[in-house]
Amino acid sequence: MATRKAPAKKPAAKRKPASAAKSSAVKVSKDELLNHYREMLAIRRFEEKAGQMYGMGLIGGFCHLYIGQEAVVVGMRAATTENDTVVTSYRDHGHMLACGMDPDGVMAELTGRRGGYSKGKGGSMHMFSHEKKFYGGHGIVGAQVPIGTGIAFAHQYLEEPAVCLTYLGDGALNQGQVYEAFNMAALWKLPVIYIIENNKYGMGTSIERSSAKSTELFNRGQAYGIPGMQVDGMDVLAVKEAGEKAAEHARSGKGPYILEMMTYRYRGHSMSDPAKYRSKEEVQKMRQERDPIERLRGLMLDQGHAEESELKEIDRAVKARVSAAAEFAQNSPEPDPSELFTDIYVEA
């Protein structure tokens, strides 16, 4: 699907029909394609295993899976550098893995074990890695947007060659703090990319019923002079190309940029959501026609970038790594009771 661009001061053009031609037009090496495939598959298999462990009672609390949206985080990380930072919402496992965080530590945190990134005390929504420049998945809807704006301010203030990738969902876009952040970022020309992962249903209400002019979320920054683009978020190469454009804009001192990723989650909002607000036929149609992993797989096979046996071997290796992470998580001890009194902020 071709990306849509909208100058900040001009009305958006009419939507163009979807097209699969863009991926084949982007020049990417075989190694890059295989790496994108491997990373998306790693997120998919990890989330499938997490869902299985949740069903077995090994993961408690909330658990929001990223299955179907893998191309967004993989494409954006391919478009940015190791200096760039990431902050997101509670659907965060895929973002962490795309940042290079250890699947052992992520899975151990999901199971509440000592080997987790937050020592087993945070669970799905409270992980953090200063080393990998991942500044958390945040449970309060929209709260990560002013945080990401603040991180971008720090980059600018410290004269760091970095941009902050600030992810939010379509359901968070109507939060007031989002627009306060947009205003500040535009006023100070902060190096931040706001990435709207539009999976169409927010927490369970279709975007058509929850947002005015709902199909043009990338235009929401126009009042502040922030340019935006709508992107096929089920096409990792389209995401990468759009991400490079947005990163160049933000990194060069021109200020924030908005990317609206048109994507889709296959599972419910969380593991406890039966997702009765959409039909099984709709989900199946997306899986068959738009799945980001299968689209890239088909592209590589059609263009001779990979053999079927090569891709099967990648899948075997990924499954083995995820199984090892699950085993590590189950064998890791629970936090010591003394941890109840650590990492606590007390105001005197």
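The values are calculated or read from the model by the stated rules, or taken from the named source; none is laboratory data. Predicted model only: the values in this text are computed from it and were never measured. Don't worry about glycine lacking a Cβ; one is built from the backbone with ideal geometry, like all the others, and counts go over all protein chains shown. Calculation scope for accessible area: heavy atoms of the full protein, side chains included, ligands and nucleic acids excluded. Shrake-Rupley method; radii C 1.70, N 1.55, O 1.52, S 1.80 Å.
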- Message: Assuming 0.36 nm per residue, please report the length gained on full extension of the stretch Y157 to K121 beyond their Cα-Cα distance.
- Response: 9.7 nm
- Message: So with the 1.4 Å probe, I'd like the accessible area per residue for the range 175-332, rounded to whole Å².
- Response: 45
- Quick note, the range 85-145: a/c under 1.5 would make it rounded; otherwise a/b > b/c is prolate and the rest oblate (a ≥ b ≥ c, C-alpha gyration tensor); here it is oblate
- Quick one: length gained pulling N83 to A324 fully straight, 0.36 nm per residue minus the C-alpha distance? 83.8 nm
- Note on the structure: For the range 230-275, shape from the Cα gyration tensor axes a ≥ b ≥ c, cut at a/c of 1.5 then a/b versus b/c, turns out prolate
- Message: In Å², and per residue, what accessible area does the range 26-144 have when probed at 1.4 Å with the other protein chains present?
- Response: 35
- Message: Accessible area of the chain with a 1.4 Å probe: how many percent of it is carbon plus sulfur?
- Response: 53
- Note down the net charge around Q156, summing +1 for each Lys or Arg and -1 for each Asp or Glu among other residues with Cβ under 15 Å from its Cβ. 0
- From the coordinates shown, Rg and Dmax of the Cα atoms in Å corresponds to which of (i) 20.5, 58; (ii) 19.6, 65; (iii) 20.2, 68: (ii)
